[in-house]
Amino acid sequence: MPDDTLRVTHLNQLLDAIPVFNIDLRAARLRTDALYLKRDQVSSWPDPMLGMTFLPSPIYTARGTQRWQLKAEQIIPFPGKNGLKRDIAELTAIIDSLSTDVAEDNLILQAKLAFFEIHKLNTLEMLIHEFQNKLRDFESIAAIQYEVGRGMQQAIIKAQLERNTLSTRLLDLSWQRQSAIATLMQLVNRPVLVEKLIGQESLRPEHPVLDEHFFLSAAMKYRPESIALDSSAVRASTSIDLADKMFYPDFSVGVTYFGITSSDIPMNADGKDALAIGFSVKVPLQRGRLNARREETHLNLARIQAERESLEIDFKSQIADLVGRIRSDEEQLELYEQALIPQSNSTLEATFSAYTTGSTDFLNLLDAERVRFRIHTGYEDIRSRHLKTIAMLERVIGVNSFADMTQE
């Protein structure tokens, strides 16, 4: 049995797999394909009507006895109506396709968030293992100090307790990783194996200058919701044109063939068949209904324009919030990189040196390592949050990555 596991070592592998394997997206694309087929359905003329009439009791005419009639009739819509209907059907399919794009963008965002969460969990697991290894070293040193009478057994117990506490945290990280993996499995409809991602993603991803006006303009240009509203406005305008066309009549052309046999009554009957050509007009007299339909189309256009204004306000609010969060994260990351991490490393080194020479006790050493561990894990939390916030800003703008924007 073939192995259909998706092995992920890079974010793009995951993002490329979503539109290929996600069942909901596949079903939505098929629905859009079906909607495109409505163009030819609504733009075609109605089927012609054929009729056959047989007269059990013959009708006597000047040309003979009429026994049967054969009739064909074709309704012809007013010129332009079917073309507008075709345009509306095509725009409906386009809008549905854009709705599927919205769903795909949401799935991509979920994948990014889960991916970055796994990235963080793997890094935290590495830091915990490093801390545990150092605690084992501290425990060995404390045991030697205790044997020579320069330390207390309490130091050994505290090191063991700290190490066991970290083990429980590892179990919690494992559960969180499984939850994130389950999210990815649901997105791609197959088992997912995420390889070790430590160091594979940029610590400080590049992005354009944080210009809110530029981002808002990009969102109105790239977001499928915005494009769908533009298409909806065109469809509403086309519907207005069609509503105006409905005030014009449709036509009907018919041909009737009369089957006539010869007869002695009247005397001049020759029995020749007869042909009649008819023309009729469907008169749109129900003006109230037509006026209501036209008013409805105008109201739909006004509604779409209001929705576009609301969407722009929503984009502006989201962009302002995310840009502020990104700036805050970057300031914090810089503080960690320039000050907190180097200081914690220096403090630990100095404390360890003092402990080995007997200038300080084990508790100070353990506390220095705890501080260093908290600073490194805090840095990873902020870095992960930073990556997720950038992913959310990319979603608001409507691009898979900022690199796509800089290439255009």
Rounded to the nearest 0.05, FRET efficiency between GLU195 and ASP314 (Cβ-Cβ, R0 41 Å) equals 0.65
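Determine the dipole magnitude for the chain: charges of +1 sit on the beta-carbon of Lys and Arg, -1 on that of Asp and Glu, nothing else is charged, the reference point is the Cα centre, and the result goes in debye to the nearest 20. Mind dumping the intermediate values first?
Details: 46 positive and 56 negative charges, 306 e Å.
For this selection, approximately 1460 debye.
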Magnitude of the Cβ-charge dipole (Lys and Arg +1, Asp and Glu -1) of the range 1-106 about the Cα centre, nearest 20 debye, reported as 1040 debye
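Arranged from highest to lowest average of other beta-carbon atoms within 10 Å per residue, in what order do the peptides 349-359, 47-57, 93-103 appear?
On the way: 349-359: 14.1, 47-57: 9.5, 93-103: 18.4.
Packing order, densest peptide first, comes out as 93-103, 349-359, 47-57.
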Between the residues ILE277, PHE315, HIS298, the Cα farthest towards the positive end of the dipole of the range 276-316, that dipole coming from +1 and -1 charges on the beta-carbon of Lys, Arg, Asp and Glu, is from ILE277
Dividing the mean separation of Cα pairs under 8 Å (6+ apart) by the residue count of the chain yields a relative contact order in percent of 25 percent
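In nm, what is the difference between 0.36 nm times the number of residues separating ALA276 and ASP211 and their Cα-Cα distance? If you can, show how the numbers build up before the last one.
Details: separation 65, 0.36 × 65 = 23.40 nm, distance 7.50 nm.
Gain on stretching ALA276 to ASP211: 15.9 nm.
Just the ratio, please: alpha-carbon radius of gyration of the range 355-408 over 2.2 N^0.38 Å, N its number of residues. Walk me through the intermediate numbers first.
On the way: Rg = 20.7 Å, N = 54, 2.2 N^0.38 = 10.0 Å.
For the range 355-408, the normalised Cα radius of gyration comes out at 2.06.
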Taking max minus min of the Cα coordinates of the chain on each principal axis, largest first, gives extents in Å of 147, 53, 35
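Please compare each pair in LYS85/LYS245; LYS38/LYS282; LYS134/LYS158; LYS221/LYS316 to a cut-off of 20 Å on the Cα-Cα distance and tell me which ones are over it.
Working: LYS85/LYS245 11 Å; LYS38/LYS282 25 Å; LYS134/LYS158 13 Å; LYS221/LYS316 13 Å.
Beyond 20 Å: LYS38/LYS282.
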So, with points 7 Å from each Cα along the Cβ direction, the TRP45-TYR257 label distance in nm works out to 1.8 nm
Expected unfolding gain across GLU295-MET52 under the 0.36 nm per residue rule, minus the alpha-carbon gap, is 83.2 nm
Only helices counted: for the chain, with every DSSP H run of 4 or more residues adding -39500 (n - 2.57) and the sum spread over all residues, [θ] at 222 nm is -23500 deg cm²/dmol
For the range 344-408, whose charge dipole is built from +1 on Lys and Arg Cβ atoms and -1 on Asp and Glu Cβ atoms, the candidate among LEU393, SER346, THR377 with its Cα farthest towards the positive end is LEU393
In whole Å, largest first, the alpha carbons of the range 279-408 cover along the principal axes 113, 32, 23
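Every number in this text was worked out from the coordinates using simple rules, so none of it is lab data. Worth saying up front: this structure is predicted, and the values here are computed from it rather than measured. Note: ideal-geometry Cβ built from the backbone for every residue, glycine included; neighbour counts use all protein chains shown.
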